[in-house]
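Q: There's a structure below that I have some questions on.
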Amino acid sequence: MRQGASNTFRVIGFLLATCLIQSSQAGQSPGRVLSEAAGIPWPAVIAHRGASYDAPEETAAAFRLARDVGADYLEADLQRTRDGVLVAFHDTTLERTTNVRELYPDRAREPLSSFTLAELKRLDAGSWFNKTYPQRARPAFSGLPILTLDELIDIAEGGVNRPGLYLETKRPELFPGIETDLQRVLERRGWLDPRPHAPSGAVDVASGRGRVVLQTFSRGSLELLQQSMPDVPKILLLSFGDGYMAMRSAVSFEASGETDEAAFYARQEVKSEAEFAAWTDWAKAHGALGTGPSVLSREPDPQSYMDLVKPWMNRMTHDRGLFIHAYTVNSAKDFESLAKRGVDGFFTNRADLLLSLYNRPSPVGIDALLRRNGY
Ligand code: G3P
Ligand code: CA
């Protein structure tokens, strides 16, 4: 196909998706009522590990970009260093997104929790991105450090836009007491109390009641978060397999011998409607205001999982008085179809794309924003 014609079709497709998303927003969705009652924007744009399509995940570059592009929330995975500091980092080990093999060859497979903050701060959490995504690489990404929660909060507070914080206790069984550690940091930083408004026209989530949303896959951690911060909105992330929602097939991915996790989970089904209902009922009964189900991407995506946002699931969730923030959605086609299914917000690596579909485009492009921030 000629380049000109293909671009025309792409633009038409994008405009169509925008119209469909906006018309699906027009009615009074039950999820909208539930979200707004909690002070949470609807539909919510949650920058998953920051603007992690365009910059290395969970680094200052990704979080500043997500803030400046206009995301409602900065999403981060919290873990604790050996000396007790909360940091934003997704994987249990450091191998995928840092140069730990070079700096600490004998400790490369150790969990993050066995490193002190000073040890972690020596790592380069940016160069992997340049190697993995050469088309989006920037020299200034090399050497970016792992961020503490305090540094993430500095970024949330440091721009014209004032996004909220969407914080996950990641693998909380490895970090006993992380829920109260988190409460102490949020309290010390004034994020558990009303905060000043952002300038007119800027993102102003941080001044509202939904300024912090807490998320976890762990039922135990949800209970502890509810005990320590009962007034902060929470969601239970929904997953599948051992310890999570039961699947119809008894064969787990690990036992299947397959190598493509996304392809395996694309074929899985929840064991029964009763199983899905039990998880949503449990979430509601233990203080969650919403759920965070996984999404099966239509396009190849390593963050594609099992489809837990089927229309009957969304109806059941809304009927129980819970809103739905789905993870992780990165394409216009998926935004469009899932908005029609009633999803109330998206964890996305591409907040800029979702904001454009919601008619809230950033007036400044990604390249200019990254340059403005020194990247
Ligand atoms: O927290 C929502 C989503 O981020 C869950 O997936 O693995 O990216 O933390 P993960
Ligand atoms: Ca997460």
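The values are calculated or read from the model by the stated rules, or taken from the named source; none is laboratory data. These numbers come from a predicted model, not from an experiment. Cβ atoms come from the backbone with ideal geometry, glycine included; neighbour counts cover every protein chain shown. Side chains included, ligands, DNA and RNA excluded: accessible areas come from the protein's heavy atoms. Shrake-Rupley method; radii C 1.70, N 1.55, O 1.52, S 1.80 Å.
Q: Given springs between every Cα pair under 10 Å in a Gaussian network model of the chain, which of 46, 324, 155 has the largest fluctuation?
A: Sorting by GNM fluctuation, first place goes to 155.
Q: Under 5 Å between amide hydrogens, which residues at least 5 positions from residue 240 or on another chain qualify, with H placed 1.01 Å from N in the peptide plane?
A: Here the answer is 245, since their amide H atoms fall under 5 Å of that of residue 240.
Q: Just need the relative contact order of the chain here, percent rounded to a whole number, with Cα pairs under 8 Å and 6+ apart.
A: 21 percent
Q: At 1.4 Å probe radius, can you tell me the per residue accessible area of the chain in Å²?
A: The answer is 43 Å² per residue.
Q: Grab the Cα-Cα distance for residue 102 and residue 150, subtract it from 0.36 nm times how many residues apart they are, and report the gain in nm with one decimal.
A: 14.6 nm
Q: Something else now. If you build a Gaussian network model of the chain, linking Cα atoms that sit under 10 Å apart, which residue out of 190, 159, 70 swings the most?
A: 190
Q: Roughly speaking, to the nearest percent, how much of the chain's 1.4 Å accessible area is carbon and sulfur?
A: 52 percent
Q: With unit charges on the beta carbons (Lys and Arg positive, Asp and Glu negative) and the dipole taken about the Cα centre of the chain, which residue among 183, 212, 249 sits farthest to the positive side?
A: Result: 212.
Q: If you don't mind, there's one more thing I want to ask. Tell me, rounded to the nearest percent, the portion of alpha carbon pairs in the chain spaced more than 29 Å apart.
A: Summing the P(r) of the chain above 29 Å gives 40 percent of all pairs.
Q: For segment 137-211, what is the convex hull volume of its Cα atoms per residue in Å³?
A: Once divided by residue count, the hull of segment 137-211 is 128 Å³.
Q: Averaging sequence separations of C-alpha pairs under 8 Å and six or more residues apart, then dividing by the length of segment 277-355, give the relative contact order as a whole percent.
A: So the answer I get is 29 percent.
Q: Right, next: Lysine pairs in segment 31-372 8 or more apart or on different chains: how many have alpha carbons under 16 angstrom apart?
A: Summing the qualifying lysine pairs gives 5.
Q: To continue, here is another question. What are the residues whose amide H is under 5 Å from the amide H of residue 147, where those residues sit 5 or more places off or on another chain and H is modelled from the backbone?
A: 88
Q: Calculate the spin-label point distance for residue 331 paired with residue 184, positioning each point 7 Å from the Cα along the beta-carbon direction, and give it in nanometres.
A: Roughly 4.6 nm, to one decimal.
Q: Okay, next question. Find which of 73, 108, 229 sits farthest along the positive direction of the dipole of the chain, computed with +1 on the beta-carbon of Lys and Arg, -1 on that of Asp and Glu, about the Cα centre.
A: Of the listed residues, the answer is 73.
Q: Right, something else. Amide H neighbours of residue 124 under 5 Å, counting only residues 5+ apart in sequence or on other chains, H built in-plane at 1.01 Å?
A: HN-HN under 5 Å from residue 124: 99.
Q: Mind checking which of 361, 312, 198 is farthest towards the positive end of the chain's charge dipole, using Cβ charges of +1 (Lys, Arg) and -1 (Asp, Glu) about the Cα centre?
A: About the Cα centre, the residue reaching furthest to the positive side is 361.
Q: For the pair residue 316/residue 192, report the inter-label distance in nm, with labels modelled 7 Å from Cα in the Cβ direction.
A: Label at residue 316, label at residue 192, 3.5 nm between them.
Q: Ordered by residue, what ³J(HN,Hα) values in Hz, to whole numbers, does segment 222-236 give under the Karplus form 6.51 cos²θ - 1.76 cosθ + 1.60, where θ = phi - 60° and Gly and Pro are x?
A: 4, 4, 5, 5, 5, 5, 7, 9, x, 8, 8, x, 9, 10, 9
Q: Still on this structure, please answer the following. Rounded to whole Hz and in sequence order, give me ³J(HN,Hα) for segment 158-170 from the Karplus expression 6.51 cos²θ - 1.76 cosθ + 1.60, θ = phi - 60°, writing x for Gly and Pro.
A: For segment 158-170, the Karplus curve yields x, x, 6, 6, 10, x, x, 10, 10, 10, 10, 7, 8 Hz.
Q: Let me ask something else about it. Per residue of segment 176-183, in order, report the coupling 6.51 cos²θ - 1.76 cosθ + 1.60 (Karplus, θ = phi - 60°) as ³J(HN,Hα) in whole Hz, putting x for Gly and Pro.
A: 3J(HN,Hα) across segment 176-183, in whole Hz: x, x, 5, 5, 6, 4, 5, 4.
Q: Let me ask something additional. Give the residues of segment 321-365 whose amide nitrogen is closer than 12 Å to a point set 7 Å from the Cα of residue 262 in the direction of its Cβ.
A: Under cut-off, by backbone N: 328-331.
Q: While we're on this one: Which residues in segment 333-348 place their backbone N less than 16 Å from a point set 7 Å from the Cα of residue 37 along the Cα-to-Cβ direction?
A: Hits in segment 333-348 for residue 37 at 16 Å: 344.
Q: Roughly how big is the chain's charge dipole about its Cα centre, with Cβ charges of +1 (Lys, Arg) and -1 (Asp, Glu), in debye to the nearest 20?
A: For the chain, the charge dipole is close to 840 debye.
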